[in-house]
Every structure is written in C-alpha cells, then in structure tokens.
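Single-structure report; data block below.
Quick note: the coordinates plus some simple rules give every number you see, no bench work behind them. Nothing here was measured: the structure is a model prediction, and the numbers come from that model. Here Cβ is always computed from backbone atoms with ideal geometry, including for glycine, and neighbour counts include all displayed protein chains.
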Amino acid sequence: MTRKQLDTDIVIAGGGLAGATLALALTRAIPALRITVVEAFPLTPDASADTYQPSYDARSTALAWGSRLMFEELDLWGALARHATPIRHIHVSDRGRFGATRLAASDHDQDALGYVVDNRWLGLCLMSALVACPQVTWRAPAQVRGVTNNVRGVAVQVASGEHVTELQAQCVVIADGGRSGLREQLGFRVDSSSYGQHALIANVSTSCDHGFTAYERFTDAGPMALLPHGSGDRAGHDSALVWTLTDDALERILAVTDEERCQQLQQRFGWRLGRFTRIGQCHHYPLTLTTVNEVVRPGIALIGNAAHTLHPVAGQGFNLALRGIMALVEQLQQAQVRGEHLGSLQILRHYQENHRRDCQSTVRFSDSLIQIFGLDIPAMKLARDAGLVGLDLLPGAKRWFARSAMGLGGRRPRFGAVTQEVMDD
Ligand SMILES: Cc1cc2nc3c(=O)[nH]c(=O)nc-3n(C[C@H](O)[C@H](O)[C@H](O)COP(=O)(O)OP(=O)(O)OC[C@H]3O[C@@H](n4cnc5c(N)ncnc54)[C@H](O)[C@@H]3O)c2cc1C
C-alpha cells in the first residue's frame, strides 16, 4: 500500500462532538495524517469563537476533571475555559430521605471536580481549532452510506445529495451517534434497551446562589441533575437542568406554562436552591442504554455514542467517549510510528481492549444508579440511605466515588510521550 493510492488516511463518519474531537486529537498526535470528516449537517462558516454569546437556552455538558486534562493535551482547554463553569461541590441525595453524600474539589486539592460547558461553545472551539489544521478536509453536508473492505483498507461511500463518491482510506471511524444505522449495516451487534423515560433539558434560574454545586437528586419519579451554569451578573443563580420523566409525565410538563413548570420542578427538587424563578427553552431526548460488545472490525472502529449511549443523569457519556478517543489515538500513533497499516485489526483490537474495562465499569456505574434509585421498595430505600450515609462517612468509598465523578477512575491514555517509547522498543 502506498499513500499515493489513497484519497485520505482516515475517514471519520460524523463530525459531532466525538468525531470533531477525534479529528483534532489525530492532528495533534500524528501531524502527517490526512483526515476526512464526513458530516450530515452543513457547516456554519460564520460560526466564530469571537462572536459567541452565551445563551440562556443553550444545552450544556458536564466535563469531568479528567476531560479537562485531555483537552489540555489537545491544547483546547485555554479556549474552552473562557466559558466553563467550575463544579466545586457535588451533592447526591434521595428526595424525602435522610441519606446524602457530598464531594468537594478542595478535598482532592483541585480547583474543580469538573466543568459545565455549553455544547455550542464546545463545538465552536473544536471548529475554530480544526479550521487551522490543513490536514483535515470536511465533506458537509454529506453522509457515509456504506463501507467495504479491500486490500488497501476501506472504500467509503459518501453521498452528497444525489452525488455518490468513494473515498479510499486506511480506516474509517464511525462517529455517527448510532442513529444512522451504519454500525448495524456493517454487522456490529448492538444491544439496546429503552429506559422508558425521556431527559428534559433546560436552563433554570433560582433565588439562591448555587455556590458552584452540582446536585444529583433521585426522586420516586426518576433522577434529576442541576449543574451550575453560566457567567455574568446572574451566574450564581443559573443552573442547567436534566430532568428524567416518563413519556406521560413529559407530555404533561410540555403542555403547561413556564410558571407551572417551575412549580412542578420545585415540588420535585425541593428548596435547596430557593425558588425556581425562570425556566428556559426545553429540549427532550428518549433515553436508552446501548452497548456494542465488539467495537472494531478490520479497518473500522466505533467511538462516542455509536459505541455506547448512556443515561445522561450522571453526565458520563461524552467523558467516556473522550477516553475512548484518546485510547484509539494512542494505538494509531504507535502504529504510525512503527509504519503499520492503521486499519490493522490487531491495532484496533488494542484500542478495544484498553477501553473495554473503562467502558464496562462506566456503563455499570451509571446504569446501576438508575436501577437502584428507581426501585420503590421500602427495604431498598433504607439501603440507599445507608449507602449514601456510608459513602459520606467512609473515606475510601468517598474517594472512589469522587474519582469516578472526576473521570479519573480508569487508565488515562496519553500520547506525545508515546513516540519516543515506541521507537525505543
Ligand atoms: C440530555 C443529555 C445530556 C447529556 N449530558 C452529558 C453530560 O453532562 N456529560 C457527558 O459527558 N455527556 C453527556 N451526554 C452525552 C453526550 O451528549 C454524548 O455522549 C455526545 O453527544 C455523543 O457525541 P457523538 O459525536 O458520539 O454523537 P452525536 O452528537 O449524535 O453526533 C453524531 C454526528 O454524526 C452525524 N451523522 C449521523 N449519521 C451520519 C452519517 N451517516 N454520515 C455522516 N454523518 C452522520 C450527525 O449529524 C452528528 O453530527 C448527554 C446526553 C444527553 C442526551
């Protein structure tokens, strides 16, 4: 195989948060690599980080401390930090019960346990960094329709309107979020089960200052999270809400006025943040747990939501995706240094194996929170109280919980230092 015969080295199918982050990480780790990102939505050429104004209705993501460290490695944290709200405390409680646990960044000698960043700001920072990378080509709006293996790697069929072209590459990374059906078409076995719930997302204002505290509140109708959010004069009074509701409850909540919605939220969450004074535009998402046991095939790897979709209440999905991206980049970098084919199944399997434990334990952690706190059984409620109190009192258990929340529980893939180590082998 010679590079001249290839249109590009790696195709990334999907330029969402995961695909765009992978593209940037590849440019940082392997500057000589040619990357093509195929994205179904058009790029907005006028989108510029300099013109960004935080919006009350923007959706946001809680980034763990470990994710900050990864964005530092990608040289993106400086930009992200301009609109990142620190989470200095986490408060986990069961509504109407006595058990609660509290985590503080200062107990771990850190400035924050994590940060809340608007998705739009995250996207703008990624785009601003990527447009400065000549080795990245965007095909948008365009869709990956199919992939076939051949002796040189993979042929990727890309449709743009009626026009279909084929890109020859060493490998393709599927980052389509998992809804386009690509991974099923390519023969990946997908296990998916619905939680029978939706997540309603909105920004809210409260009469009391959040004090940079994130609240995880388990209620008999489902979990909810309130994350400190925003900057400017009202910063301390704005939070990002993730409210889990059954199908029926969602319909009822969407049908009422903002004022009634605030009242119902007050009833569910309680008065820890004082009165809910305002609720912004609501977005909602059906919740499923989707896992894929084998995330690689010759020349093909899955990342992000295409590889795993979790319940959002513990804010783990994108943080896990980031660790997966770094694990993949680490393997590709080593392969490149050794002059190996990037689509080799052996290399891609190393990525899968290095990420598997983290993936399994993160899925278990977030799913068991939902299962345990969703059970309306008196003995289970007592056990939950005891569990939360125990977590609060036992330093070892609390430390484990804090490290999981900070995204520091698993192995942290690194690149940069890798090159020399591999050459020394
Ligand atoms: C309500 C909610 C709250 C969340 N909060 C958090 C949080 O606080 N912290 C956290 O870590 N995670 C959180 N998550 C999870 C996080 O949002 C996801 O992990 C993340 O968005 C996954 O990004 P992705 O790029 O894999 O998928 P997506 O964001 O779905 O992007 C997929 C991209 O692929 C494109 N595409 C689709 N099909 C094709 C195709 N055939 N060809 C080309 N392009 C295609 C799409 O247009 C899209 O741009 C939350 C999720 C939800 C639903």
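Observations, loosely collected:
- The mean sequence distance of close C-alpha pairs (under 8 Å, at least 6 residues apart), as a share of the length of region 115-179, puts its relative contact order at 19 percent.
- Over all other residues within a Cβ to Cβ distance under 11 Å of residue 167, the charged ones net out to -1, with Lys and Arg as +1 and Asp and Glu as -1.
- Charge tally for residue 189 (other residues, Cβ to Cβ under 10 Å; Lys, Arg +1; Asp, Glu -1): -2.
- Cα gyration tensor shape for region 115-203, rounded if a/c is under 1.5, else prolate or oblate: oblate
- Modelled FRET efficiency - R0 22 Å, residue 59 with residue 278, Cβ distances, 0.05 increments: 0.85
- The modelled label-to-label distance for the pair residue 408/residue 266, using points 7 Å beyond Cα in the direction of Cβ, is 4.0 nm.
- GluC sites (Glu not before Pro) restricted to region 127-201 and DSSP loop, no more than 11 other C-beta within 10 Å: 162
- Fully extended contour minus Cα-Cα distance, from residue 258 to residue 32, at 0.36 nm per residue: 76.1 nm
- Order of 351, 195 under a 10 Å beta carbon neighbour criterion, fewest first: 195, 351
- Taking label points 7 Å from Cα along the Cα-to-Cβ direction, residue 186 and residue 247 give a separation of 3.1 nm.
- Taking label points 7 Å from Cα along the Cα-to-Cβ direction, residue 294 and residue 338 give a separation of 2.1 nm.
- Gain on full extension, evaluated as 0.36 nm per residue between residue 128 and residue 44 minus their Cα-Cα distance, stands at 29.1 nm.
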